[in-house]
Amino acid sequence: PGRSGKFRPRVATRETVLKTPWFEVVAKTLDGDQGGDPYYAVVPDDYVAILALTPEGRILVVRQYRPVTESMSLELPCGLVDGGETPEAAARRELLEETGYRADTVELLGNLVPDAGRLGNRMWCFFAATTVPVKPLEPSEPELEALTMAPEEVARCLAEGGFENAPAYAIFMLAQVKGRLILPEV
């Protein structure tokens, strides 16, 4: 769906022009693009985010300082997939590290491209219907705070822009359309 098939350029060349521990910048040229400027892709590692519910049906969220935006951000537990780790294992690890909760069962809601125009990684979206608190939270980052929110609070925050990052909206939408979480109208 959504693909007309009329024009499908292919990448002719790829060249890493910058490599850091966090991301690469790759210059790409397309077939038939004689002398044109390359397209640049920022390629960070894949990452995961997990929408998880407490035994009481509250949603686990984190508030943390983000140096890129220089502000506190309300988010779902998320993080990078470490080398050799599966996305599911990363989701379980991030949930435990950031909230102190464990999920025995997680479900893959979707595998998305966060920004097809600029980023060359994938975002793995997971859902955990039930979690268990297993340890008091002692975050590795002092600027990280774990919270729980009622579905009504989350719906209000989504409607009012309380979650600023697009991945949170994507996961809540996937959970809604797959019937895993029904948020009330606000």
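Within the stretch 143-156, the set of residues being open to solvent by less than 30 Å² (accessible area, probe 1.4 Å) and either among the charged types (D, E, K, R) or within 18 Å of the chain's Cα centre (by Cα) (or both) comprises LEU144, VAL154. For the stretch 17-27, the criterion of a residue being open to solvent by less than 50 Å² (accessible area, probe 1.4 Å), in contact with a helix residue (DSSP H, G or I) (Cβ under 7 Å, 6 or more places away or on another chain) and assigned to a loop (DSSP other than H, G, I, E, B) is satisfied by no position.
Between THR69, THR148, which is outside any helix (DSSP H, G or I), of a type in the set (Val, Ile, Thr) and at pLDDT below 95?
Values: THR148 fails: at pLDDT below 95.
Of THR69, THR148, the one residue that is outside any helix (DSSP H, G or I), of a type in the set (Val, Ile, Thr) and at pLDDT below 95 is THR69.
Only residues that are within 18 Å of ASP115 (Cα to Cα), in contact with a Ser or Thr (Cβ under 9 Å, 6 or more places away or on another chain) and modelled with pLDDT of 95 or more were counted across the stretch 38-54, and they come to 1. Going through (1) over 22 Å from GLY179 (Cβ atoms); (2) in a strand (DSSP E or B) one by one, ALA89 falls short only on (2).
As a summary of the residue check, GLU97 satisfies the conditions (1) part of a strand (DSSP E or B); (2) under 21 Å from PRO142 (Cα atoms); (3) of a type in the set (D, E, K, R) except for the one numbered (1).
The values are calculated or read from the model by the stated rules, or taken from the named source; none is laboratory data. All figures in this text were calculated on a predicted structure; none of them were measured in a lab. Glycine also receives a Cβ, built like all others from the backbone with ideal geometry; neighbour counts cover every protein chain displayed. Just so you know, the surface numbers come from the protein's heavy atoms only, side chains and all, with ligands and any DNA or RNA stripped out. Shrake-Rupley method; radii C 1.70, N 1.55, O 1.52, S 1.80 Å.
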